[in-house]
Amino acid sequence: MSRYKFNTQYKAVVIGGSAGSFQGITRILQALPSDFDLPIIMALHRLKHVRNGFEEALSIKSVKPVTEPFDKEQIKRGKVYLAPANYHMSVELGNTFALSTEEMVNNSRPSIDITLETAAYVYSTKLVGILLSGANKDGAWGMKKIKDRGGLTIVQEPSECMIDTMPTSALKITPIDHILKIDQIIEFLNELHKHTKQ
Amino acid sequence: MQDIEISDLRRITELIKETYNYDFTNYAMSSFKRRILRILELYKFGSVDLLIKRLKEDRAFFEEFLAELTVNVTEMFRDPSFWRELRDQIIPNILLNHNTISIWHAGCSSGEEVFSMAILLKEMGILDRSKIIATDIDKVILQRARSGVYALKNMELNEKNYIRYQGTSSLSNYFKEENGKAVMDKSLVEHVSFREHDLVQGMVFNKFDLILCRNVMIYFNQTLQNTVLKKLHESLFKYGYLIIGSKESLIWCEISNKFIVVNNEEKIYKKIKD
């Protein structure tokens with residue numbers, strides 16, 4: 001029996017992160033089972049005006065290539081997606097991405113809240129949300145939305161974060177299911193993988 | 001923040017269509033919903049019903065509503081590498097075959113892109129041989145584009161973009177500071193025609209060598225993207241260029257085979273078939 005609350009067949013994993021999350025993300029992507037079947041949708045704060053390089057940097061050690069989707073691109077199983085620079089990335093009904101250049105949210109574009117909230121709306125209970133290290137509160141509201149709609153929520157253990165503002169902001173506004181270190185998040189994703197395969 | 005249902009959004013689009021003859025039915029759902037939520041908050045409407053009531057009764061409010069509904073976040077020289085490509089490859093190519101160049105900014109918003117274009121053309125010495133038409137659905141924002149007055153704090157980013165674009169001057173040579181605002185040099189756009197035009201319901205009105213429609217169609221669903229792309233195609237001369245936003249794609253549009261990709265990184269397409 002898993003110690004995690006898997007009460008459904010999940011459809012996607014969303015990950016939010018900012019300052020101090022790059023190393024954690026890299027470790028997670030490096031340790032993914034090669035046949036991990038759920039789409040992983042990442043909204044990470046990044047330099048607004050550097051269009052290239054981040055996707056490549058994350059892909060180097062990742063088990064799967066990381067891609068920045070185009071507007072209206074279909075979300076496919078087994079793929080790893082990254083919100084492109086200077087665009088918000090929403091999950092749209094019909095399982096596609098929708099990009100936008102709207103105002104910054106929480107001083108950020110891409111905004112983690114936007115990706116998390118729209119994913120929560122589309123996937124409701126069938127979504128896992130993971131929020132990592134970061135220096136502002138972007139993502140907290142999105143985690144609340146995931147929780148409100150019955151999804152599974154995880155934040156990185158604040159003591160392990162380089163800057164813990166992001167996970168602690170989420171913990172303040174919503175009950176989070178699991179508070180985990182990166183190693184445990186990796187373990188969790190492996191368990192989730194087994195659960196998905198069943 | 002409250003949440004709203006798809007049925008609420010439908011009621012709003014139906015009312016707008018009936019009363020004002022704008023069609024938002026096929027706008028992308030996620031961003032359209034956020035725009036409506038933003039307006040509900042901005043004007044402190046307690047419910048969608050109150051917004052609908054106001055829209056029904058107050059024609060002047062509709063103009064404000066339209067201005068808030070459309071996304072007007074833009075920069076000068078956004079994606080500097082694109083502007084370099086335009087200057088070094090695309091425009092010289094157009095000028096190989098004719099003396100003048102006609103350009104349409106479809107969805108010009110507050111005009112930053114129009115000023116960028118005018119600066120580019122001026123530095124190439126061909127501004128007086130260019131015919132530019134800039135259109136937007138929103139009257140209020142067109143007025144701002146025409147006036148060329150921008151928040152001073154935005155100029156820092158614009159200047160950075162201009163430096164990365166590697167212009168031959170300095171952006172500060174193209175504007176003056178007045179009352180804490182950046183006032184653009186009006187001579188740059190004296191021959192630009194700013195017009196109200198709705199890409200969704202508007203007619204094809206001219207033919208162009210070059211159309212810029214960057215980060216506009218992302219607010220439409222795929223059905224509407226197809227419709228609008230057909231109009232853009234029709235508005236181009238054969239071998240004319242269409243430029244869309246860096247993360248937009250024509251791949252899944254019905255008439256994508258009537259274009260070839262000239263530069264995939266900068267999303268520059270060329271019309272090869274009528």
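List of remarks:
- Residues that are within 26 Å of A:Ser100 (Cβ to Cβ), part of a loop (DSSP other than H, G, I, E, B) and more than 14 Å from every other protein chain (Cβ to nearest Cβ), drawn from the stretch B:248-274: B:Ile255
- Some residue of the stretch B:96-109 being touching a residue at least 24 places away in the same chain (Cβ under 8 Å), within 13 Å of chain A (Cβ to nearest Cβ), crowded, with 19+ Cβ neighbours inside 10 Å and within 24 Å of B:Asn158 (Cα to Cα): yes
- A:Glu73 at pLDDT 95 or above, within 14 Å of chain B (Cβ to nearest Cβ) and within 14 Å of the chain's Cα centre (by Cα): no
- The lone exception for A:Lys137 - which of (1) closer than 28 Å to B:Ser249 by Cβ; (2) not in a helix (DSSP H, G or I) it fails: (1)
- Options A:Ser133, A:Ser111: the member that is within 14 Å of another protein chain (Cβ to nearest Cβ) and in contact with an Asp or Glu (Cβ under 9 Å, 6 or more places away or on another chain): A:Ser111
- Exclusive hit being part of a helix (DSSP H, G or I) and more than 14 Å from chain A (Cβ to nearest Cβ), set B:Asn161, B:Asn173: B:Asn173
- B:Asp198 acidic (Asp, Glu) and outside any loop (DSSP other than H, G, I, E, B): no
- Inside the stretch B:16-48, residues that are within 18 Å of A:Asp113 (Cα to Cα) and away from chain A (no Cβ under 14 Å) make up a count of 0.
- Filtered residue count, the stretch A:150-168, keeping only those that are open to solvent by less than 20 Å² (accessible area, probe 1.4 Å) and either touching a residue at least 40 places away in the same chain (Cβ under 8 Å) or closer than 14 Å to A:Gly16 by Cα (or both): 8
- Checking each residue in the stretch B:170-205 for being open to solvent by less than 80 Å² (accessible area, probe 1.4 Å), in contact with a strand residue (DSSP E or B) (Cβ under 7 Å, 6 or more places away or on another chain) and either polar (S, T, N, Q) or without any contact (Cβ under 8 Å) to a residue 40 or more places away in the chain (or both) picks out B:Phe175, B:Ala182, B:Val183, B:Asp185, B:Ser193.
- Hits in the stretch B:219-247 (condition: buried (at least 20 other Cβ atoms within 10 Å of the Cβ) and within 11 Å of chain A (Cβ to nearest Cβ)): B:Tyr219, B:Phe220, B:Asn221, B:Gln225, B:Ile244, B:Gly245, B:Ser246, B:Lys247
- Scanning the stretch B:38-63 for residues that are touching a residue at least 24 places away in the same chain (Cβ under 8 Å), exposed (fewer than 15 other Cβ atoms within 10 Å of the Cβ) and within 26 Å of B:Ile218 (Cβ to Cβ) gives B:Glu41, B:Leu42, B:Glu63.
- Within the stretch B:14-35, restricting attention to residues that are over 14 Å from B:Thr70 (Cβ atoms) and touching a Ser or Thr at 6+ places or on another chain (Cβ under 6 Å), the residue that is surrounded by the most Cβ atoms within 10 Å (Cβ to Cβ) is B:Ser30.
- Scanning the stretch B:49-82 for residues that are within 13 Å of chain A (Cβ to nearest Cβ), under 24 Å from B:Met184 (Cβ atoms) and not charged (D, E, K, R) yields B:Thr70, B:Val71, B:Asn72, B:Val73, B:Thr74, B:Met76, B:Phe77, B:Pro80, B:Ser81, B:Phe82.
- If the condition is being within 14 Å of another protein chain (Cβ to nearest Cβ) and either open to solvent by 50 Å² or more (accessible area, probe 1.4 Å) or in a loop (DSSP other than H, G, I, E, B) (or both), then the stretch A:55-66 contributes only A:Glu56.
- Residues of the stretch B:95-137 satisfying the condition of being modelled with pLDDT of 95 or more and part of a loop (DSSP other than H, G, I, E, B): B:Thr100, B:Gly107, B:Cys108, B:Ser109, B:Ser110, B:Gly111, B:Gly125, B:Ile126, B:Ile137
- Here B:Leu51 meets each of (1) within 20 Å of the chain's Cα centre (by Cα); (2) over 30 Å from B:Ser130 (Cβ atoms); (3) not hydroxyl-bearing (Ser, Thr, Tyr) with one exception, condition (1).
- When each of B:Ile132, B:Ile137 is tested for being of a type in the set (Val, Ile, Thr), farther than 28 Å from B:Phe61 by Cα and surrounded by 13 or more Cβ atoms within 10 Å (Cβ to Cβ), the lone residue that passes is B:Ile132.
- Residues in the stretch B:68-91 that are surrounded by 19 or more Cβ atoms within 10 Å (Cβ to Cβ), of a type in the set (A, V, I, L, M, F, W, C) and under 30 Å from B:Ser172 (Cα atoms): B:Val71, B:Met76, B:Phe77, B:Phe82, B:Trp83, B:Leu86, B:Ile90, B:Ile91.
- In the stretch B:1-20, the residues that are polar (S, T, N, Q) reach residues that are open to solvent by 90 Å² or more (accessible area, probe 1.4 Å) with C-beta atoms within less than 7 angstrom, at least six apart or across chains, in these pairs: B:Thr19/B:Lys56.
- Count of the stretch B:1-13 residues which are open to solvent by less than 30 Å² (accessible area, probe 1.4 Å), at pLDDT 95 or above and either closer than 24 Å to B:Asn226 by Cβ or aliphatic (A, V, I, L, M) (or both): 3
- Flag if B:Tyr150 is within 14 Å of chain A (Cβ to nearest Cβ) and either in contact (Cβ under 8 Å) with a residue 60 or more places away in the chain or buried (at least 20 other Cβ atoms within 10 Å of the Cβ) (or both): no
The values are calculated or read from the model by the stated rules, or taken from the named source; none is laboratory data. None of these values were measured; they are calculated from a predicted model. Virtual Cβ from ideal backbone geometry, glycine too; neighbours counted across all protein chains shown. What goes into the accessible areas is simple: the full protein's heavy atoms, side chains included, and nothing from ligands, DNA or RNA. Shrake-Rupley method; radii C 1.70, N 1.55, O 1.52, S 1.80 Å.
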